[in-house]
Amino acid sequence: MRIPEENRNMVLLASVTVFAAAIARALAVVDHAPMPTDSKPAYFADQTPVRVIGVPFEPNINPREHR
């Protein structure tokens with residue numbers, strides 16, 4: 001049974017997609033990273049303040065009022 005010439009690219013694309021998905025699925029099942037047990041969540045208040053140099057960013061919400 002021969003594949004028509006106009007369908008060969010789609011068959012090739014489908015076979016490569018299925019093959020890559022199978023490899024990705026096998027790697028996802030086999031190679032899973034363990035969850036860290038002693039880590040604590042990061043809080044926004046724990047971050048060090050950053051000094052802003054220059055003019056603070058103000059989004060241009062109305063383009064007709066360009067400064």
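Odds and ends about this structure:
- From ARG2, ARG25, residue being loosely packed, with under 10 Cβ neighbours inside 10 Å and modelled with pLDDT of 80 or more: ARG2
- Pairs where the first residue, in the stretch 52-67, is surrounded by fewer than 10 Cβ atoms within 10 Å (Cβ to Cβ) and the second is of a type in the set (S, T, N, Q) and at pLDDT 80 or above, C-beta under 8 Å, 6+ apart: HIS66/ASN60
The values are calculated or read from the model by the stated rules, or taken from the named source; none is laboratory data. What you are looking at is a predicted structure, and each value in this text was computed from that prediction instead of being measured. Don't worry about glycine lacking a Cβ; one is built from the backbone with ideal geometry, like all the others, and counts go over all protein chains shown.
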